[in-house]
Amino acid sequence: MTSVSLGIPSVKQPPPVLAPRRQTRKVRLGDIAVGGDAPITVQSMTTTPTHDINATLQQIAELTAAGCDIVRVACPRQEDADALKAIAAKSPIPVIADIHFQPKYVFAAIEAGCAGVRVNPGNIRRFDDQVGDIAQAAKDHGTALRIGVNAGSIDQRMMKGDRVTPEALVASAVWEAGLFEEHDFHEFGISVKHNDPVIMVEAYRQLSEKGDWPLHLGVTEAGPAFQGTIKSSVAFGILLSEGIGDTIRVSLSAPPVEEVKVGNQILQSLNLKPRKLDIVSCPSCGRAQVDVYTLADKVTEGLKHLEVPLRVAVMGCVVNGPGEAREADLGVASGNGKGQIFVKGEVIKTVPEAEIVETLLAEANRIAAEMESAEAGGAPSVSVG
């Protein structure tokens, strides 16, 4: 019996990133920090009626399990405001109350113990006149705020013509930020969302040059799951690769857990969050001699429980297959009714096509156990029989 080294370095080096993070002030939302040197966080929003406390807490638990760091809840009615205290107290992650139109709910959310409050100055009546009172209440309770400027509810004083421009979004945000800073309140972040990724990207670029506020990235009304994922991935990829952005929310017309999955995958793809399972699989072509789609789906499903950074290559032909399989932690190059199983660049066995999935799952779990042992101080190796 021999062993194959997993090649895990004794001293972990940080993965390369495209650009250093832009330095922003650090704002606390309960136990979570946003901005500064804090990790980029993933947010989502519940879709349950907030006044249904049990349903809302259940959905928050599901979001937390999926990797959500911060959750927002809508507060359009008094009964929702009345539920905030119980939700904030029992939620496992910081709760942000989402307030529109009624300023009284801003104060209710602060007093209820929410970690943060999202305010939209563009649709709260006479908002500027109440900034001082809001700032004082937030100071007294240790509550952070997010100034949320949206294309659909921008302060009309900032508009020139009918189209919402990046300049208008930024001007509105900077104006409101200045009002809070005049009252010596600095525990807030800013978002300048738009449904057009090009306008959104330019707005955040301009805003990042105006101050050191932590920035919440979002493409608002991004659309159904497929379209919204593309829009958000493109916009976030551009900004995060330039070091802009401290927390993200992928807005999808889909269950909120899907937003969290996409958000985490975006951060992992840019090395801004530790990678977990990474499936490398070919798109298939006329050279493929196995059903790559089914193989990749079965392997992904079978390994979704893994928490270690494991790259698995599922390849269907002899052109790119061996090379990709060699580069991965674990891989298979398939053809002629069988598959060569690679572990860290070495062929450890050849199995019939019908046994490929079973073999990959077994080897992946074995490698994962070895990696966990290595992190705990054991020797990283995989036995080959």
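The values are calculated or read from the model by the stated rules, or taken from the named source; none is laboratory data. The structure displayed is predicted, hence computed values, not measured ones. Glycine also receives a Cβ, built like all others from the backbone with ideal geometry; neighbour counts cover every protein chain displayed. Side chains included, ligands, DNA and RNA excluded: accessible areas come from the protein's heavy atoms. Shrake-Rupley method; radii C 1.70, N 1.55, O 1.52, S 1.80 Å.
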>> Just checking, does the range 88-111 include any residue being closer than 23 Å to A203 by Cα and of a type in the set (K, R)?
In response: no
> When you go through V170, V198, V119 one by one, which is the residue that is closer than 23 Å to T41 by Cα, among the aliphatic types (A, V, I, L, M) and open to solvent by 20 Å² or more (accessible area, probe 1.4 Å)?
Replying inline: V198
>> Between L277, L306, L252, which is open to solvent by 10 Å² or more (accessible area, probe 1.4 Å), at pLDDT below 90 and in contact with a Ser or Thr (Cβ under 9 Å, 6 or more places away or on another chain)?
In response: L277
> What residue, of G263, G237, G243, is under 22 Å from I40 (Cβ atoms), in contact (Cβ under 8 Å) with a residue 24 or more places away in the chain and touching a strand residue (DSSP E or B) at 6+ places or on another chain (Cβ under 7 Å)?
Replying inline: G263
>> Name the residue that is farthest from A109 (Cα to Cα), counting only residues in the range 47-84 that are open to solvent by 10 Å² or more (accessible area, probe 1.4 Å) and among the β-branched types (V, I, T).
In response: T64
> Within the range 171-184, is even one residue closer than 16 Å to L217 by Cβ and of a type in the set (A, V, I, L, M)?
Replying inline: yes
>> Exactly one condition in (1) under 21 Å from R77 (Cα atoms); (2) at pLDDT 95 or above is false for G142; which is it?
In response: (1)
>> Filter the range 101-135 down to the residues that are in contact (Cβ under 8 Å) with a residue 60 or more places away in the chain and assigned to a strand (DSSP E or B) and list them by number.
In response: G116
>> I'd like the full set of residues that are touching a helix residue (DSSP H, G or I) at 6+ places or on another chain (Cβ under 8 Å), open to solvent by 10 Å² or more (accessible area, probe 1.4 Å) and assigned to a loop (DSSP other than H, G, I, E, B), limited to the range 141-164.
In response: D155, M159, K160, V164
> What single numbered condition from (1) surrounded by fewer than 18 Cβ atoms within 10 Å (Cβ to Cβ); (2) small (G, A, S); (3) at pLDDT 90 or above fails to hold for A368?
Replying inline: (1)
>> Please count how many residues of the range 173-193 are modelled with pLDDT under 95, aromatic (F, W, Y) and either open to solvent by 10 Å² or more (accessible area, probe 1.4 Å) or within 27 Å of the chain's Cα centre (by Cα) (or both).
In response: 1
> Could you count how many residues in the range 32-59 are assigned to a helix (DSSP H, G or I) and of a type outside the set (S, T, N, Q)?
Replying inline: 3
